[in-house]
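Working notes, beginning with the structure itself.
A short reminder: the numbers here are calculations on the coordinates, not readings from a lab. Note that the coordinates shown come from a computational prediction; the quantities given were computed from them, not determined experimentally. Cβ: placed from backbone, ideal geometry, glycine included. Neighbour counts: every protein chain shown.
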Amino acid sequence: MNSTLTGPVATYLAQVRAELSDLPPGELADVLDDVSGHLTEVAAEFEDEPTAASLQERLGTPQQYADELRTAAGYPPRKATPKEKTGGETALRWGIAAAIVGPFFVVIGLANGTEETLFFGVIGLIALFGAAYLGVRALRGSNPEVVLETRRGQQAAESIRGMLDQVPPNVRHELVTIGQPVWWVARGVVGGGAIFAMSGASAVTVVGALAGAAVSVWIGRKTQQDRRWLWYVVPLNVIATIIVPIWLAFSFVGGTSSGVFGSGDDYSASSASYRESGLWLDGNQVDNIYPFDEQGRQVKVRLYDQSGNPINLPVQDCRINTPESNTDSVSNTFPQRTITDGYGSSENCKDSDKAPFVPPPAPATTPATPSATPTPPGASVTPGKTPTPTPPTSSKPGVTLTITPTR
Amino acid sequence: MCSSVVGRAPRDRSEGSGLAVHLMEVVEAMDPSQLLKGVLDLAVLAVLRDADGYGYDVLRRLRAAGLEDVADASVYGTLRRLFAAGALTSYVQPSEEGPHRKYYGLNKTGLDLLAQSTKTWNHFADTMSVLLLEEAA
């Protein structure tokens, strides 16, 4: 019966219902049945859908309408019903808390480093689910629609209806029939993908994203049946509406050709486990580089990557012992001098750039496929000559260097 | 009731503004929508005597009969109260244009109530008419 009413008429009915909420349930249902029929007839008096203002002009405010009805029907004057009121209001308050506090912590976590992501993420999710649970419990089994009968709920519903009324009905229809499933899949893909991307493997991320999409669609359907799920779903949607655009922006700016999942790996790489600065070779950190020329003599070089950025590493010579030294200073000159004796002392410190190993003899006949070890002798690099700042030879095949600029 | 207010006002209140306030009360009490309150039950019973009707239909019939000032919600409230008092029957009928409509009709109690109220009203109206005629004369 009430479902046939839409827009301002439905709002009016809800407001009348709120004014009469102290009546016994059976009587309330009956009288609202009458009011619903009345509003349908009144709405038909208008050529277009009546606005809230035109309804009030015709019938008085919902409060006046309810008062007239109450007086004429001989119902007792309205009693304060704190129990029922606080139920809806508490539930609404917890719902709002879940939708603000949870996402807040999760976003803080995402904006920070690896450990913070986990820490704040867990705090955010605990806050979210805790508040949502308290909200559902505050309903005490009553219809979730009671939150719409609170003053705040009414205002919110009215403003949302006002916004929806701006949208043409056919577009509204399209949004629900097409936009909703697309949104369900999108939030599931991003949510599932983001969680499993922390593992770093793209195959796992794809599976996680697909599983996330399936779970998300299931949750969406479940929520349509039981509106109490909204207490959990709305806050999660808030997180998703923050993350999905970031994700899309990342895949766009990242510019990788492999699409969402490839860029998803970039995303996780920059946000999660690979964030440490420094120089990495096949998963091991490289602290120093000892270049040898082709005759097997140690040389001093300056290293640059393919873009001309210096490949800097933190200095680790005796300067770090002096109190006034800037421990953040870096250098792209290799080999760097490392402390051999007198750690922590500024006077007795000794450092050296001599390789702490004997360079193995280079393979004699394979100049086209050099290994990661020093290049073989036989070419014409003059010992001791400082290389010009051109791209170094470190990007030849067979070598996997992961370089993140030092911050 | 009205005459007592008029009679008392000049004695109790010496100031002009007090008199004005009381006069306003009297005028308001004679407003048709105020007068209607006492006899709305009777009016609703009367329009249902001819045929059963749903709320909006009753409202329309009251307006057509000249009771323009009747408030929509009051009619619906009156129907609920008369139904609760056992004077009306209620049943739902589908309508071609929209949702189902709840019809109200008089039962035996309602008919008795109508007859009794009509008697009371007629007596009251006659008394008032005679009173007003005498006053005018």
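Rounded to the nearest whole Å³, what is the per residue volume of the convex hull around the Cα atoms of the stretch A:2-73? Don't skip to the answer; put the middle values down first.
Working: hull volume 5.7 nm³, N = 72.
Cα-based convex hull of the stretch A:2-73, divided per residue, equals 80 Å³.
Using 0.36 nm per residue of separation minus the Cα-Cα distance, give me the extension gain between B:Asp112 and B:Leu133 in nm, one decimal.
Result for the pair: 4.4 nm of gain on full extension.
Rank these for me by crowding, B:Leu42, B:Leu67, going from fewest to most other beta carbons within 10 Å.
With the fewest neighbours first, B:Leu42, B:Leu67 line up as B:Leu42, B:Leu67.
For the stretch A:30-143, what's the relative contact order in percent, using C-alpha pairs closer than 8 Å and at least 6 residues apart? Spell out each step's value before the answer.
Details: 75 pairs, mean separation 26.0, N = 114.
Computed over the stretch A:30-143, the figure is 23 percent.
Please arrange B:Lys37, B:Lys108 by how many other C-beta atoms lie within 10 Å of their C-beta, fewest to most.
B:Lys108, B:Lys37
Please give the average number of partner chain Cβ atoms lying within 10 Å of the Cβ of each residue in B:78-90, rounded to a whole number. Present the calculation step by step, with values, prior to reporting the outcome.
Working: counts 5, 4, 10, 5, 3, 3, 5, 1, 0, 0, 0, 0, 2.
Counting Cβ atoms of other protein chains within 10 Å of each residue's Cβ and averaging gives 3.
Scale the Cα Rg of the stretch B:34-136 by the rule-of-thumb value 2.2 N^0.38 Å and send over the ratio, two decimals.
1.20
Over all directions, the average projected area of the alpha-carbon convex hull for the stretch A:139-220 comes to how many nm²?
So the Cα hull casts an average projection of 7.9 nm².
If you rank A:Ser202, B:Ser74 by fewest surrounding Cβ atoms within 10 Å, what's the result?
Final ranking by Cβ density, sparse to dense: A:Ser202, B:Ser74.
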